[in-house]
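The values are calculated or read from the model by the stated rules, or taken from the named source; none is laboratory data. Fair warning: this is a prediction, and the values are worked out from it, not measured in the lab. Backbone-built Cβ (ideal geometry, glycine too); neighbour counts: all protein chains shown. Ligands, DNA and RNA are excluded from the accessible area calculation, which covers all protein heavy atoms including side chains. Shrake-Rupley method; radii C 1.70, N 1.55, O 1.52, S 1.80 Å.
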Amino acid sequence: MYTTAEVLKFVQENDVKFVRLTFCDIFGLQKNVSIMADQLEAAFAEGVGFDAYAVSGFREVTESDLFLFPDPSTLTVLPWRPGSGRVARFYCDIKTPDGSEFINDGRCLLKRVVKRAEDLGYIFQIGTECEFYLFKADENGQPTGETLDNGGYLDISPLDRGEDVRREICLALEQMGINPKGSYHEQGPGQNEIDCRYSEPLVCVDNFQIFKSAVKAVAARHGLFASFMPKPIPDAPGSGLRINISFTHNGQNVFGHANGGHAKAAEGFIAGVLAKIPEITLFLNPLANSYERLGKFEAPKYVSWSHQNRSQLIRIPADSGKNSRMELRSPDPSLNPYIALALILAAGLDGIENNLPLPPATNVNLFTADKSVTDTLTALPESLSQAIVLAQASEFVKGIIGEELLCKFIDAKQKEAAEFVAATNKIEFYKARYFAVT
């Protein structure tokens, strides 16, 4: 956790010449402004202005000035940039000209929810398990539809040809202060997964954004293109972003209750997420392509929970003690992680505060279960259009992210959904709309 003074000293002593000030739009797409290192002190004090009208979902042209204030605790040096004239990156808070927080900044939203949790005595730790595909790139660096390999789950070389790429990604992440926990080949051809250790919510989300950019940068060095599109290959498994959540109260992990039971706070948190998940799915699965993944290849379809069972929306893994947690299995990596995690945590906190009862566990394989079982369960939205309707009507979502941000998000997604419905070739729509940018 660097201070401003420590950062300025580090930059001066370590040949840092360029600084990237990074943030993301309301849809999670990363943006940055580059400044010379000698401008960093002024950036800490006064911010760096940018045209907010040109950023999707931010502001109108009549009030288009916003300012980036780098967070000194997020200092990372990009290891794939040249050794001489190093490049540092900071994640930024966004402020208005009068110095107040920009209300549509997802980072600001997440901070508010974390503060609410801390005021209630709960300290969260979040871990991510992210899947992605590696495709070969052409001579111009543009992605092709050919995967790096035809390997499957946990395969090794020569079936798995991504070992060196994953190794280099993990080493790059370590150099940037992020500790990957493990990596392996996933079920799909050219599909990989890297899991990251637990950290505080804001740190976790900042690190996830770093992770995505590191994956893409290292892949490009190998002549490859990394895709975080939820379902890039129609007949192969989709790529998910499983979010692991644990939290403590009075120093005790609420999921690590004695004798295999659950603390009341844990039950309320799970119940709260289950209750609100249909309304927040738009923000966890924000693309039309996201809904091709749900309900297939171990991606959940129903609002349910159980122990260990990977056919559920929420599962409680068998790990015990400090590793006890819940795993939310529906999100995909195309989301805005700040907004998504803010909504997930707020839903759980609502469940705790309102003493929501935890429904019975669904201890069956929902991928093969009889209709007599699945008909009793609430299904996740089956399309972007359905997800929009549920989010638009949600007082909960509006209360967490604000009416202005909700309206801007909905307006953009309604246009996207209409274009998808009108498309005669859905596969070509996905490819043109998402593949190269997700």
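In a Gaussian network model over the chain where Cα atoms closer than 10 Å are linked, find which of E118, E139, E298 has the largest mean-square fluctuation. In this elastic network of the chain, the residue with the biggest mean-square fluctuation among E118, E139, E298 is E139. Averaging Cα coordinates gives a centre for region 353-388 and one for region 194-231; these two points are 30 Å apart.
The convex hull drawn around the Cα atoms of region 327-406, when projected onto a plane and averaged over every direction, covers 6.9 nm².
Per-residue Karplus couplings for region 188-193, computed as 6.51 cos²θ - 1.76 cosθ + 1.60 with θ equal to phi - 60°, are listed in order as x, x, x, 9, 10, 9 Hz, Gly and Pro entered as x. Here's how it looks for I194: its modeled amide H is under 5 Å from those of C130, which are all 5 or more places away or on a different chain.
Calculate the dipole size of region 209-323 relative to its Cα centre from +1 charges on Lys and Arg beta carbons and -1 charges on Asp and Glu beta carbons; express the result in debye to the nearest 20.
Rounded to the nearest 20 debye, it is 220 debye.
Solvent-accessible area per residue in region 192-263 equals 34 Å², computed with a 1.4 angstrom probe and all protein chains kept. For region 105-206, what ratio Rg/Rh do Cα atoms give with a Kirkwood hydrodynamic radius? Answer for region 105-206: 1.11.
With the charge dipole of the chain set up from +1 on Lys and Arg Cβ and -1 on Asp and Glu Cβ about the Cα centre, the Cα lying farthest toward the positive end among the listed residues N32, V113, I243 is that of I243. 3J(HN,Hα) along region 161-168: 9, x, 4, 5, 5, 4, 4, 5 Hz, from the Karplus curve 6.51 cos²θ - 1.76 cosθ + 1.60 with θ = phi - 60°, whole Hz, x for Gly and Pro. Rounded to the nearest 20, the size of the Cβ-charge dipole of region 167-268 about its Cα centre is 100 debye, with Lys and Arg at +1 and Asp and Glu at -1. Placing unit charges on each Cβ (+1 for Lys and Arg, -1 for Asp and Glu) gives the chain a dipole about its Cα centre, and among P70, S330, L8 the Cα reaching farthest toward its positive end belongs to S330.
Sort out for me the Cα centre separation of region 249-311 from region 325-351, rounded to whole Å. Using only Cα atoms to place each centre, the spacing works out to 9 Å. Reducing region 35-89 and region 131-159 to their Cα centroids gives an inter-centroid distance of 33 Å.
When the chain is treated as a Gaussian network with alpha carbon springs shorter than 10 Å, the biggest mean-square fluctuation among P300, P158, P278 belongs to P158. Given +1 at the Cβ of Lys and Arg, -1 at the Cβ of Asp and Glu and no other charges, the dipole of the chain around its Cα centre is 560 debye to the nearest 20.
With θ taken as phi - 60° and the Karplus curve 6.51 cos²θ - 1.76 cosθ + 1.60 applied, the whole-hertz 3J(HN,Hα) list for region 326-333 is 10, 10, 9, 9, 7, x, 10, x Hz, x standing for glycine and proline. From Cα pairs below 8 angstrom and at least 6 apart in sequence, can you work out the relative contact order of region 220-336, rounded to a whole percent? Taking the mean separation of contacting Cα pairs over the length of region 220-336, I get 34 percent. Here's how it looks for G151: its modeled amide H is under 5 Å from those of R161, G190, which are all 5 or more places away or on a different chain. In a DSSP loop and with at most 16 other Cβ atoms within 10 Å, the GluC sites (Glu not before Pro) in region 343-422 are E382.
Note down the Stokes-Einstein diffusion coefficient of region 168-314 in µm²/s, whole number, using a Kirkwood radius over alpha carbon pairs, 10 °C, and 1.306 mPa s. Result for D is 91 µm²/s.
Computed across region 13-66, the Kirkwood radius stands at 12.5 Å (inverse of mean 1/r, all Cα pairs).
For region 189-269, the relative contact order works out to 11 percent when only alpha carbon pairs closer than 8 Å and six or more residues apart are counted.
Under the combined filter of DSSP loop state and at most 11 neighbouring Cβ atoms within 10 Å, region 154-248 retains none of its chymotrypsin sites (Phe, Trp or Tyr not before Pro).
Restricting the calculation to Cα atoms, every distinct pair contributes to the Kirkwood radius of region 370-438, found to be 14.2 Å.
Springs join every pair of Cα atoms under 10 Å in this Gaussian network model of the chain, and among A379, A88, A266 the largest mean-square fluctuation is at A379.
If you bin all the Cα-Cα distances of the chain at 10 Å, starting from zero, the percentages per bin are 4, 21, 31, 28, 13, 2, 0.
Among the chymotrypsin sites (Phe, Trp or Tyr not before Pro) within region 264-310, not one is in coil by DSSP while having at most 14 neighbouring Cβ atoms inside 10 Å. Each 10 Å bin from 0 upward holds the following percent of the Cα-Cα pairs of region 1-130: 11, 37, 33, 17, 1. Here's how it looks for F102: its modeled amide H is under 5 Å from those of I94, K95, T96, which are all 5 or more places away or on a different chain. Contact order for the chain, expressed relative to its length and based on alpha carbon pairs under 8 Å spaced 6+ residues apart, stands at 15 percent.
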